[in-house]
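Participant: Could you have a look at this structure, given as structure tokens, before my questions?
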Amino acid sequence: MSSNDQENSLNFNTDWSYSPAPESTDHVTIKDRYDLFIGGEFVAPASDKYFTSMNPATEEPLAELAEAGAEDVDRAVKAARKAYKQNWSGLAPASRGKYIYRIARILQERAREFAVVESMDGGKPIRESRDIDVPLAAAHFFYYAGWADKVDYAFPGRKTGPVGVAGQIIPWNFPLLMAAWKIAPALACGNTVVLKPAETTPLTAMLLAEVIAEAELPPGVVNIVTGAGKTGAAIVDHPDIDKIAFTGSTEVGRIIQKALAGTDTRYTLELGGKAANIIFEDAALDQAVEGIVNGIFFNQGHVCCAGSRLLVQESVADDVLGRLKDRMETLIVGDPLDKNTDIGAINSSMQLETINKYLEIGQQEGATMHQSSCALPDKGHWCRPTVFTGVAQSHRIVQEEIFGPVLAVQTFRTVDEAVAKANNTPYGLSGGVWTDKGAKIFKVSNQMRAGVVWANTFNKFDPGSPFGGYKESGVGREGGLHGLKPYLQLA
Ligand code: ADP
């Protein structure tokens, strides 16, 4: 046994477990039914149809949500257009800022409630929703509230004006945070919006509708319609939408791009990813392993910028894999509301099926699968943290987005080989570099074709930093000063 192995086996004694520490749900009220938020009011859908949002950890229904059809989307767009013309676009920018500040403050006041509902509806660990999703969502509203009366300074020498009505379609992995990413810059620039949350995670968007009403935004400035792909398509196809902002799969991104080709509707698309985390032999290995775990296992790998590929220098590959497997054994999979949980529930049975399909494919392709040995709850959708070794660049588990806690590990010998392998993917959303050498960070990160490259850390977000992809990972940037541009006409 090497001294490293001895150290690891001492540090990672797994014969004990934490006592349960569930977050209370007493302070949360989830209504039986949520209607559409149109023109500042909650209104029943014209179709009179509703669908159910389930808790993926318990498989119990949480609430019924209205299914918006084309008629409802039309009502929402009309409300947004009216608010745009009569009120919001002409309002003093500082006043717009005040409304957005109010949203941020109320979100902070209701932070605990939002975190619990996010974890119940989406399955993510409360530690993430409490420490990441909700505070970052509030931070985005604060950040863009600050820009509202300074937009002209962002583009010196140019005249700025709003674009009009924005249709915004978001996925299920960061439901509240994605709503904030979309709504905050749109409002700051003087646009009005029609937002559609994902069908499996609509609840925090409906709570956000309550916050928007509480903040007394003029009716119609923000409209929130629930439903699945058909509702999203009705937004994309509506002739009176000026801009579409979409975050989701590359597959649906392509459909949207085709639908908008030849029209004058602008669009930004934030799509899939297959990020590589590159560990060089001179990296601080324990920190790097923690970064890998954070990058792919936390939040169940339900992150488009997840570090789903690990490229590790051959000389330290066995050491890193040993440490990673030991660390995987300590990860707690289970109740999303328990503060000790590292990996919560997979968002839906459909997503679990997709992940399981890839676990099969990986083994059929000849890769070696390693999973942690943790127990899983009887009910709900779960996946153990999984590592594939012995993979080839052509394997589907290396090329395709899995969106689960599944890591494909490859090795490399030289810097050039690492960069070539990292870039050998249709995607280009994010990447990571782990090394002790600053010069290597600059060299490698400049050569990686990815919108975001983290150095000696991973999955760190700030409202001031732009985010977006190269290649099939999308078009346009969100966040920071760059995130204002898609919502502005510049003359
Ligand atoms: P994921 O694989 O992350 O679920 P999707 O791209 O399927 O991503 O979904 C992201 C969002 O796009 C969801 O709100 C979904 O309802 C919506 N959506 C799905 N199909 C379409 C479509 N054809 N047009 C517009 N929106 C769609």
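The values are calculated or read from the model by the stated rules, or taken from the named source; none is laboratory data. Please read these numbers as outputs of a predicted model, since none were measured by experiment. Every residue, glycine as well, gets a Cβ built from its backbone with ideal geometry; the counts of neighbours run over all protein chains shown. All accessible areas refer to the heavy atoms of the entire protein, side chains included, with ligands and DNA or RNA removed. Shrake-Rupley method; radii C 1.70, N 1.55, O 1.52, S 1.80 Å.
Participant: How about segment 163-189: which of its residues are surrounded by fewer than 24 Cβ atoms within 10 Å (Cβ to Cβ) and over 20 Å from the mean Cα position of the chain (by Cα)?
Facilitator: Across segment 163-189, the qualifying residues are Val163, Gly164.
Participant: Might you check whether a residue that is without any contact (Cβ under 8 Å) to a residue 24 or more places away in the chain, open to solvent by 20 Å² or more (accessible area, probe 1.4 Å) and away from the ligand (no atom under 16 Å from the Cβ) occurs anywhere in segment 312-323?
Facilitator: yes
Participant: Show me the strands (runs of 3 or more DSSP E) found entirely inside segment 27-130 where at least 2 residues are among the hydrophobic types (A, V, I, L, M, F, W, C) and open to solvent by 10 Å² or more (accessible area, probe 1.4 Å).
Facilitator: Because the criterion is at least 2 residues that are among the hydrophobic types (A, V, I, L, M, F, W, C) and open to solvent by 10 Å² or more (accessible area, probe 1.4 Å), the strands (runs of 3 or more DSSP E) in segment 27-130 that meet it are 41-43, 50-55.
Participant: Shifting gears a bit: Answer yes or no as to whether Ala154 is surrounded by fewer than 22 Cβ atoms within 10 Å (Cβ to Cβ), of a type in the set (A, V, I, L, M, F, W, C), in the same structural domain as Ser119 (by TED's automatic domain parsing) and touching a Phe, Trp or Tyr at 6+ places or on another chain (Cβ under 8 Å).
Facilitator: Yes; evaluated as a whole, the condition is true for this residue.
Participant: Restricting attention to segment 222-233, report how many residues are within 16 Å of the ligand (Cβ to nearest atom) and open to solvent by less than 20 Å² (accessible area, probe 1.4 Å).
Facilitator: 7
Participant: Exactly one condition in (1) touching a strand residue (DSSP E or B) at 6+ places or on another chain (Cβ under 7 Å); (2) away from the ligand (no atom under 16 Å from the Cβ) is not met by Tyr144; state its number.
Facilitator: (1)
Participant: Right, here's the next one. Can you report the number of residues in segment 244-254 which are more than 9 Å from the ligand (Cβ to nearest atom) and buried (at least 21 other Cβ atoms within 10 Å of the Cβ)?
Facilitator: Within segment 244-254, residues that are more than 9 Å from the ligand (Cβ to nearest atom) and buried (at least 21 other Cβ atoms within 10 Å of the Cβ) number 1.
Participant: If you don't mind, there's one more thing I want to ask. Within segment 169-221, work out how many residues are within 10 Å of the ligand (Cβ to nearest atom) and among the hydroxyl-bearing types (Ser, Thr, Tyr).
Facilitator: Here the count works out to 2.
Participant: Can you work out which of the residues in segment 199-211 that are open to solvent by less than 10 Å² (accessible area, probe 1.4 Å) and of a type in the set (Val, Ile, Thr) is nearest to the chain's Cα centre (by Cα)?
Facilitator: Thr201
Participant: Just wondering, is there one or more residues in segment 347-358 that are basic (Lys, Arg) and away from the ligand (no atom under 16 Å from the Cβ)?
Facilitator: no
Participant: For segment 255-264, name all the residues that are more than 7 Å from the ligand (Cβ to nearest atom) and in contact with a strand residue (DSSP E or B) (Cβ under 6 Å, 6 or more places away or on another chain).
Facilitator: Leu260
Participant: Exactly one condition in (1) farther than 28 Å from Lys182 by Cα; (2) basic (Lys, Arg); (3) not assigned by TED's automatic domain parsing to the domain that holds Gly366 is false for Lys443; which is it?
Facilitator: (3)
Participant: Can we say Glu214 is open to solvent by 10 Å² or more (accessible area, probe 1.4 Å) and under 23 Å from Arg110 (Cα atoms)?
Facilitator: yes
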